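Below is one structure, written out as structure tokens, with a few remarks after it.
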Amino acid sequence: MAQQEDLLKKIIAHAKEYGFVFQSSEIYDGLSAVYDYAQNGTELKKNIRDYWWKAMVQMHENIVGIDSAIFMHPTVWKASGHVDAFADPMIDNKDSKKRYRADVLVEDFLAKIEAKINKEVTKAAKRFGDSFDEKQFKETNPRVLANVEKMDGIKNRLYPAMDNNNMAAIKELIEDLGIACPMSGSRNWTDVRQFNLMFSTQMGAMAEGASEIFLRPETAQGIFVNYLNVQKTGRMKIPFGIAQTGKAFRNEIVARQFIFRMREFEQMEMQFFVRPGEEMKWYEYWKEQRIKWHTSLGIPAEKFRFHDHEKLAHYANAAADIEFEFPMGFKELEGIHSRTDFDLNAHEKYSGKKLRYHDPETNKSYVPYVVETSIGLDRMFLAIMSNAYTEEELEGGNSRIVMKLPPVLAPYKVAVFPLTKKDGLPEKAREIMDSLKMDYMCFYEEKDAIGKRYRRHDAIGTPYCVTVDHQTLEDNTVTIRERDSMQQERVKIEEVSGIIAKRLKG
Ligand code: GAP
């Protein structure tokens, strides 16, 4: 675990040193849980967004994209339930003055018990070897059974307390479990209070008459309120989807772990409108599609797992997270939710406008059901960075840090280097650069020894480096070096574009 936490620290340092992510307002000591994307990070982030958009919109004839405003009519958030229920239970430790999410303290306690169970299973698997039956072991081992019972007992108190907004019951649970402040070890807690996560501001110049509006905490509502406009103007037939990427804002109680939990972040969401009764079929379809999208990037499948929600939000009849093995362990990366007709019904009620779809096949009008896929772009960025970060020992006692980014996502696809700054090599390199830059993000560099230039591009994940040398002037060939294998090949200049294109398709 310590090694993994170390990895997160290394990624944060690398992200800063190589122009991926900076702390926001760094010269003023930063702003908590807000980050700026730097020159390479912006390219990587854009490429992840484009890869998502391509898979969701370009590859699906029945999905279109929109770009709705961050500000929305305040009643939207009343209808969606965010004004009344988008809150987390918060608790302070009176000695350390540290603030926590009360439910997370209990969840962390549960995770510790689960870790004990897993340890027990690993030990037994070692002892019994090939004949080990994990299911049977879990069903019969007294220590495992006692821990499972303990976990069930805690869940049976936590989830109803959360559902019923019973803050006193959560406090009692924390006290009964003897949970101590992770910072100070103190058990001197305040009461648990609800804390709404939406940021608000005033719209309108005059103090009186200005109305309180919210920064959207999810992009989804912009899709719901536009669904009928899109359906009519796009002549969409159910089932169809609307996709959107954009900023969302949440005043998280505890925001930490770099860009994993931010107060300003970006979501990539898609709402899929289906016939009532068909939502489970589409829910399963989208679960499968989304996991395929993740593994299509070449990230090993064992780095992902599904976590089906036991405790469902009030609007959902099924929900699952795709979890990724971040340096801090398996954590939520994406949510797939069957949201029923909750949102559209609520908007009908609050707006007084009909939001029904007339189905030409059944000749019936109804409020569609919705299956949503919702992924945090920043979390995906962190997943990609942590999977790509590699320290390698090389022959001759050298080492390198290489970002093994999927080529399609790399900030630059190719770097072009003249071997030296003279003899017409820079001019030839510029010519090659000019022939490639319409199609690919290219980087031109002539400073420093070639080895140093290779290292710099390993560190930002450039899949190819093309070097122009004296032979180039004679026979129009260059060397092309592949990032991961470091293999160099001599090829004709006109072949370079095709080599890159092939790798990007792969
Ligand atoms: N419309 C549904 C929705 O917003 P969510 O589970 O609250 O669902 C979806 O959020 C995704 O947004 C999460 O899986 C996560 O990737 C990302 N996300 C949520 N809160 C975030 C935060 N504070 N910082 C970064 N990403 C966040």
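Since every read-out is calculated from the coordinates, none of them should be taken as a lab result. Since we're looking at a predicted model, the values are computed, not measured. Virtual Cβ from ideal backbone geometry, glycine too; neighbours counted across all protein chains shown.
Would you mind classifying the stretch 255-325 by shape? Square roots of the alpha carbon gyration tensor eigenvalues, ordered a ≥ b ≥ c; an a/c under 1.5 is rounded, otherwise it is prolate if a/b is larger than b/c and oblate if not. Verdict is oblate for the stretch 255-325.
Arrange GLU395, GLU17, GLU284 by Cβ neighbour counts within 10 Å, fewest through most, would you? List each step's numbers first, then the result.
Numbers: GLU395 5, GLU17 10, GLU284 15.
Ranked by crowding around the Cβ, least crowded first: GLU395, GLU17, GLU284.
About its Cα centre, the stretch 165-280 has a charge dipole of approximately 420 debye under the convention of +1 per Lys or Arg Cβ and -1 per Asp or Glu Cβ, with nothing else charged.
Please sort 22-35, 318-331, 166-179 by packing, taking for each peptide the average over its residues of neighbouring beta carbons within 10 angstrom, highest first. Write down the numbers at each step before the final one.
On the way: 22-35: 13.7, 318-331: 18.9, 166-179: 15.7.
Ranked by mean Cβ neighbours within 10 Å, highest first: 318-331, 166-179, 22-35.
Charges on Cβ only, +1 for Lys and Arg, -1 for Asp and Glu, centred on the Cα centroid of the chain; of ASN141, GLY352, PHE224, which one is farthest towards the dipole's positive end? Value computed over the given set: GLY352. For the stretch 111-204, a crude dipole built from +1 on the beta carbon of Lys and Arg and -1 on the beta carbon of Asp and Glu, taken about the Cα centre, is about 340 debye to the nearest 20. A straight line joining the Cα centroids of the stretch 245-312 and the stretch 126-163 runs 27 Å.
Among the trypsin sites (Lys or Arg not before Pro) in the stretch 58-126, those located in a DSSP loop and surrounded by at most 16 other Cβ atoms within 10 Å of their own Cβ are LYS94, LYS97, LYS98. Restricting the stretch 426-488 to trypsin sites (Lys or Arg not before Pro) that sit in a DSSP loop and have at most 11 other Cβ atoms within 10 Å of their own Cβ leaves LYS447. A straight Cα-to-Cα reach below 25 Å connects LYS492 with the lysines LYS413, LYS421, LYS422, LYS428, LYS437, LYS447, LYS452, LYS502, LYS505, residues fewer than 8 places away in its own chain not being considered. Computing Rg and the Kirkwood Rh from the Cα coordinates of the stretch 412-504 gives a ratio, Rg/Rh, of 0.91.
At the listed q of 0.20 Å⁻¹, the Debye profile of the stretch 267-416, built from one uniform point per Cα, gives log10 I(q)/I(0) equal to -1.22.
Cross-link partners for LYS126 among the lysines, with Cα-Cα distance under 28 Å and sequence neighbours closer than 8 places in the same chain left out: LYS112, LYS116, LYS135, LYS138, LYS150, LYS303, LYS331. Using C-alpha pairs under 8 Å with a sequence gap of at least 6, the mean separation divided by the residue count of the stretch 408-469 gives a relative contact order of 54 percent. Dipole size of the stretch 366-506 about its Cα centre, with +1 on Lys/Arg Cβ and -1 on Asp/Glu Cβ: approximately 200 debye, rounded to the nearest 20.
Any chance you could tell me what percent of the C-alpha pair distances in the chain go past 41 Å? If you can, show how the numbers build up before the last one.
Details: 42100 of 127765 pairs.
Of all Cα-Cα distances in the chain, 33 percent exceed 41 Å.
Cα extents for the stretch 87-195 along the principal axes, largest to smallest and rounded to whole angstrom: 51, 30, 21.
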